[in-house]
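Colleague: Take this structure, written in structure tokens, and hold onto it; I'll ask about it next.
The values are calculated or read from the model by the stated rules, or taken from the named source; none is laboratory data. Being a predicted model, the structure only gives us computed values, none of them experimental. To get the accessible areas, we keep the full protein, side chains included, count just its heavy atoms, and leave off ligands, DNA and RNA. Shrake-Rupley method; radii C 1.70, N 1.55, O 1.52, S 1.80 Å.
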Amino acid sequence: MQTWSSTPVPRVAGEPRPLRLFDTAAGEVRPTAPGDTARLYVCGITPYDATHLGHAATYLAFDLVHRVWLDNGHDVHYVQNVTDIDDPLLERAERDQDDWVVLGMRETALFREDMVALRVLPPREYIGAVEAIPEVVEAIAKLMTGGVAYKVDDPEYPDVYFDRSATGRFGYESNYDLETMNRFFAERGGDPDRPGKRDPLDALLWRAARPGEPSWPSELGAGRPGWHIECSAIALNRLGTSFDVQGGGSDLIFPHHEFSAAHAEAVTGEHPFARHYVHAGMIGLDGEKMSKSRGNLVFVSKLRAEKVDPNAVRLALFAGHYRADRPWSAELLASAEARLATWRRAAALPSGPSAVDTVARLRDHLSDDLDTPRALAALDAWAAQALSTGGSDATGPTLFRAAVDSLLGVEL
Ligand code: 5CA
Ligand code: ZN
């Protein structure tokens, strides 16, 4: 699939700091330790509706990971998928009498436009589930050979499932107890009551063709991929095993990332799938998680149509910590717009205070598990000083502007 374009990110003077991130599996903030090439996988959208501010917040958090690694001199191999075949897409197409392929293409195109507008650096590889079907089938075939994937005993619909006990480590990524796993599995697309499974928590790998549903011929029989194996195969085939960061929103901790890891580790025999599992908090509106199923959505494209400055959207979402569940509100946007205007006035001054220490603090805070609230406070302090007492350093405003652009992705 086509990725999207962006302007290059210039290097900013000063010393970079190694990036530390909270790892869900370890339950603590740990340093990332990429080689020359940092390897990042972030779960992409299911394109049955427009991108809302919850999605945007998650991609913006990982955009900061991307930018901090670039600042640290790494080449970043960033892979993202698009779940362009799955139940929600088929259900929406059916409801709206639309073609699921056209729906997916339309919403994916809109997502790319939204990401460009929000100045999100593109992944190097942007891969659709449909185009990855041959890789998914190959991975499932390996699991079948290893005896950890099985067909249910149903002559009509011989779906293929994954035996969750395959690696002996199931649960290491989420650290959830069985009761929590059961709850989230049922809530988030699992099918605990499907007859014929070895264990209610075993996850679907390959769904045998049903009348009226799209399907692809394969050695497993005609069908379509399950959800978790899609991300295992796409990530493994491009990043290899033990890549640096697997990312997504916290609603993907279980079952999605637990199973993506378990599938991949059962395919390769190697642990871990990813060295860090990093999760962004949920953006809410009016006291509830923003979600397509609840319908309480603020779309990025709608804000763009209202001529809201995308740089203000970035600042509004960065005003809270990426891991915190936090609400979107008109007040949040208004205060981000005010901050943006202040920073712009300060950056336009012919001279100001030195920005060297401010940029060092910006790097310190971002490298400390993307602490954007403190990063923004450090930048506020420079802008306030520049506008009140001024300064004679002609490089101050230019360095301030360059660092805000490269590290936060905000154009002043
Ligand atoms: N296609 C799958 C991942 S393989 C999927 O979850 N798609 S999605 O469209 O439902 O979500 C895309 C990304 O946005 C995921 O990382 C998800 O965790 C994140 N996300 C969804 N809702 C919110 C929200 N309210 N706040 C923050 N992130 C969210
Ligand atoms: Zn995924």
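Colleague: Give me the 1.4 Å probe accessible area per residue for region 1-154, excluding ligands and nucleic acids, in Å².
Modeller: 40
Colleague: Something else: Any idea what angle helix 53-71 forms with the longest principal axis of the chain, computed on alpha-carbon atoms, 0 to 90 degrees, nearest 10?
Modeller: 70
Colleague: Round to the nearest 10 and give me the degree value, 0 to 90, for the angle of helix 330-347's Cα axis relative to the longest principal axis of the chain.
Modeller: 50
Colleague: What residues have an amide H closer than 5 Å to that of Ala280, excluding those fewer than 5 places away on the same chain, when H is modeled at 1.01 Å from N in the peptide plane?
Modeller: Amide H to amide H, under 5 Å and 5 or more residues apart or across chains, Ala280 pairs with Gly248, Gly249, Ser250.
Colleague: Mind checking the per residue accessible area of region 222-356 for me, 1.4 Å probe, whole number of Å²?
Modeller: 35
Colleague: Sticking with this one: Sum -39500 (n - 2.57) across every DSSP H segment of at least 4 residues in the chain, then divide by the residue count to get the 222 nm mean residue ellipticity, nearest 500.
Modeller: -13000 deg cm²/dmol
Colleague: Roughly how many Å is it from the Cα centre of region 213-286 to that of region 11-36, as a whole number?
Modeller: That distance is 22 Å.
Colleague: Further, regarding this structure: Hey, which aspartates and glutamates would be in cross-link range of Lys197, C-alpha to C-alpha under 12 Å, not counting anything within fewer than 8 residues on its own chain?
Modeller: Cross-link targets: Asp153, Asp154, Asp159, Asp163.
Colleague: Now a separate question. Could you state the angle between the C-alpha long axis of helix 133-145 and the longest principal axis of the C-alpha atoms of the chain, as a value from 0 to 90 degrees rounded to the nearest 10?
Modeller: With both axes taken from Cα atoms, the answer is about 50 degrees.
Colleague: Counting only protein heavy atoms and using a 1.4 Å probe, what share of the accessible area of the chain belongs to carbon plus sulfur, as a whole percent?
Modeller: Exposed carbon and sulfur together represent 51 percent of the surface.
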